[in-house]
Amino acid sequence: MDKTLRWIGLALLYLLASPVYVIVFACKVMKLSRGAALMRKGYIDCPHCGATNALDLLATCPKCRATEYGSRLRCTSCGEQSRSFDCDYCSVTIKVL
Ligand SMILES: [Zn+2]
Ligand SMILES: [Zn+2]
């Protein structure tokens, strides 16, 4: 009897918590798909000055200092992935993901 009550309590707890999980999951998916759409577009508008920053250009990796053509968010030399970069025009940090 005691065991059954505990199971019911546990099930109730999961049931109550599940909408939170669903919301957290939906937020994550939305954030990821937004980032993916931006990467596909290849350009990001600066939220501060409104300038268009290209994602694919000659960029220097902040970690291994390798300079290469390609996405500024990913280094092919050391595999470093960045979630933000500085605007080319006003140097405000733009968060991508
Ligand atoms: Zn800017
Ligand atoms: Zn690197």
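The values are calculated or read from the model by the stated rules, or taken from the named source; none is laboratory data. Values in this document were obtained by computation on a predicted structure and should not be read as measured data. Cβ coordinates were reconstructed from backbone atoms using ideal geometry, including for glycine residues, and neighbour counts include every protein chain displayed.
For this structure, a couple of remarks:
- When Glu80 is tested against (1) within 16 Å of ligand 1 (Cβ to nearest atom); (2) touching a Lys or Arg at 6+ places or on another chain (Cβ under 7 Å), exactly one condition is not met: (1).
- Within the stretch 61-97, the set of residues being at pLDDT 90 or above, assigned to a loop (DSSP other than H, G, I, E, B) and polar (S, T, N, Q) comprises Thr76, Ser77, Ser91.
- For the stretch 18-29, the condition holds for no residue, the condition being that it is over 17 Å from the mean Cα position of the chain (by Cα) and either under 14 Å from Arg83 (Cα atoms) or assigned by TED's automatic domain parsing to the domain that holds Cys75 (or both).
- Put simply, of Ser91, Ser77 the only residue that is away from ligand 2 (no atom under 16 Å from the Cβ) and hydroxyl-bearing (Ser, Thr, Tyr) is Ser91.
- Selected residue [of a type in the set (S, T, N, Q) and outside the structural domain of Ser84 (by TED's automatic domain parsing)] from Thr4, Thr67, Thr52, Thr60: Thr4
- The requirement of being surrounded by 11 or more Cβ atoms within 10 Å (Cβ to Cβ) and more than 11 Å from ligand 2 (Cβ to nearest atom) is not satisfied by Cys64.
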